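The structure under discussion appears below in the form of structure tokens.
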Amino acid sequence: MKIVIFVFGSRGDVQPGVALGVGLQKQGHQVSLVTHTYFEKFVRQYGLGFWGIPGDVNQLLSKVMEAGINMTRFALAWGCFFRPHMIEILDIGLQACQGADIILFTPFSSGAYHLAELTGARCMRMALQPIYPTRQFPQMMTPNVSLGSAYNLWTYRLTDLTAH
């Protein structure tokens with residue numbers, strides 16, 4: 001099968017995508033990653049296909065860290081960061097997905113879900129953190145405040161709506 005993995009983010013996001021890609025490749029699948037251009041050498045050293053997208057997430061993370069960690073602020077900054085590049089990202093993603101059987105994507109990999117719809121590929125979101133709703137704690141990308149179990153459940157629904 002031809003499998004395309006969309007992973008946008010830091011090395012901590014991309015490395016698990018590479019590990020998954022290597023495992024799938026060992027099973028005989030053709031695997032490519034769509035990620036930031038500065039990860040090309042890292043991805044290719046494992047024999048995976050590579051499609052580079054613009055944007056330096058390290059700059060974004062530095063700005064968010066300077067302003068103080070706030071996951072809501074981070075989510076908003078993420079959207080603003082990628083917005084000027086979305087046409088180019090979608091164009092690159094569409095090229096990468098031609099003939100794909102399966103598209104895997106992390107929650108912040110904007111557009112991958114829609115590219116799967118467009119190309120007819122099966123698709124699955126993959127997460128590196130808990131994503132299933134629970135009353136025990138809020139979704140990690142929302143404010144971690146004690147507003148009760150209903151709030152905790154609502155944060156997962158809200159995040160799920162914004163992941164596509």
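The values are calculated or read from the model by the stated rules, or taken from the named source; none is laboratory data. What you see is a predicted model; the values in this text were computed from it and never measured. Methodologically, a virtual Cβ is constructed for each residue, glycine included, from the backbone with ideal geometry; neighbour enumeration extends over all protein chains shown. Ligands, DNA and RNA are stripped out before the accessible areas are found, and what is left, the full protein with its side chains, is counted by its heavy atoms. Shrake-Rupley method; radii C 1.70, N 1.55, O 1.52, S 1.80 Å.
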Exercise. Which residue, Q30, Q129, Q59, tops the fluctuation ranking in a GNM of the chain built on C-alpha contacts under 10 Å?
Worked result: Q129
Seminar exercise, completed: Cα convex hull volume per residue for the chain, in Å³, equals 109
Seminar exercise, completed: For the chain, the percent of accessible surface on carbon and sulfur atoms (probe 1.4 angstrom, ligands and nucleic acids excluded) is 57
Problem set entry | Overall dimensions of region 107-164 by Cα: Rg and Dmax, Å | 13.4, 42
Exercise. So what is the relative contact order for the chain, in percent, with contacts set as C-alpha pairs under 8 Å and at least six apart?
Worked result: 21
Problem set entry | Residues whose placed amide H lies under 5 Å from that of Q139, excluding near-sequence neighbours | T155, Y156
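Quick check for you: with a 1.4 Å probe and neighbouring chains kept, what is the accessible area per residue of region 8-64, in Å²?
49
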Problem set entry | Positive-pole candidate from G12, G111, G49, dipole of the chain, charges at beta carbon | G12
